[in-house]
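The structure appears below as structure tokens.
The values are calculated or read from the model by the stated rules, or taken from the named source; none is laboratory data. All of these numbers come straight from a predicted model, not from anything done at the bench. No Cβ is skipped: glycine too gets one built from the backbone with ideal geometry, and neighbour counts run over all protein chains shown. Quick note on the areas: whole protein, heavy atoms, side chains included, nothing else; ligands and nucleic acids left out. Shrake-Rupley method; radii C 1.70, N 1.55, O 1.52, S 1.80 Å.
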Amino acid sequence: RGSGRSSVPGGVAVAGATAVVAGAGAASGLVPLDSGTGTLLLAAGAVALLGLLDDLRPMGARARIIVEAGAASVVVHGTQLGFATGALAVLWILFVTNAFTLPAAFDGALGVVGVVTALGLCVCAGAQGSGSLAVVLGLLAASLTGFLTLNWHPARVLPGGSGALFTGFLVACAALLVNVGHARETTPAALFALTVVATADAVLVVVARRLAGRGVLRPGPDHIAHRLRRLGLTPPGVAVVLGAAATLGTATGVLLHRGAVGPSVLWWLGGAALVSVVLLLRVPVYGGRRRVRAAPVERADLLRADAG
């Protein structure tokens, strides 16, 4: 906070703007929300509130998971999926929701990845006739764009748990909703493609911390963004690289959704993600105290990751 960053999570504005404008459109009759989209907004709002409470007074991981699982279950229930498939869908939503908290620790990363993904999902929803869902996703992209102007390096506001969880939950649920009913072999590939950056970051962090003997939930400067910084990229450069990767994944997901490409494309995308994770694992990030003191930028990254 001494660095001039707002003490109020910017994610509150992202969630609030998305929900308020969508609600106003529905109330005025200009953009009616179907029951599924309305349920999704309410569930995402509950997750955003959870994130805000966690920002103000950190709570245990168990309490967060319980609330997130409840919200995800409400959304999945409306898809009429079977019990086993529905349970897997809830777990996937939980994974993606929390994976979006990882890039939130770095200036511009959450905004860029979120905008690209939301726009891609907006195209998918609009193409299949889910107008209200497309509008909500468009509003999310617009809110994140406004937030990005203040979160671009050097960031004046941070997304906090409220923004990261709201974005991750809405993206994950929307990806599931637009792919329900599509060919069974295409759906997993599309879901992975649409969230490839967050998924790769989560896998990288978990593997790196396990190999280093660190707690998986222990914060640290070991995300994709931090490793790219170690390789010499500037903070804006890191955001651009993550945005490019998200664009590639999202475009692939849209093409899969539209049937323009087959599930075999997943081998190329998954292979590229795997190679990237393996190469980034070779970048040293767990330095000693002396090294952290000698690098002010890295120390700031560490403090930001701890705060996230």
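Miscellaneous remarks
- Complete set of residues in region 238-257 that are within 19 Å of the chain's Cα centre (by Cα) and not β-branched (V, I, T): A239, L242, G243, A244, A245, A246, L248, G249, A251, G253
- Cβ-Cβ distances below 6 Å connect the following pairs, each with a first residue in region 204-215 that is farther than 18 Å from A272 by Cα and without any contact (Cβ under 8 Å) to a residue 40 or more places away in the chain, a second residue that is in a loop (DSSP other than H, G, I, E, B) and open to solvent by 40 Å² or more (accessible area, probe 1.4 Å), and a separation of six or more residues or different chains: V206/V216; R209/V216.
- Comparison of V136, V197, V157, V178 shows that the only residue that is in a loop (DSSP other than H, G, I, E, B), open to solvent by less than 40 Å² (accessible area, probe 1.4 Å) and touching a residue at least 60 places away in the same chain (Cβ under 8 Å) is V157.
- Any chance F100 is open to solvent by less than 40 Å² (accessible area, probe 1.4 Å), closer than 23 Å to V196 by Cα and not polar (S, T, N, Q): yes
- The residues in region 200-218 that are open to solvent by less than 40 Å² (accessible area, probe 1.4 Å) and among the β-branched types (V, I, T) can be counted, and the count is 1.
- Selection status of G51, farther than 29 Å from V240 by Cα and not hydroxyl-bearing (S, T, Y): no
- Here G168 meets each of (1) in contact (Cβ under 8 Å) with a residue 12 or more places away in the chain; (2) open to solvent by 20 Å² or more (accessible area, probe 1.4 Å) with one exception, condition (2).
- Within the option set L42, L56, L33, being open to solvent by 60 Å² or more (accessible area, probe 1.4 Å), closer than 18 Å to L176 by Cβ and not basic (K, R) holds for one residue only, L42.
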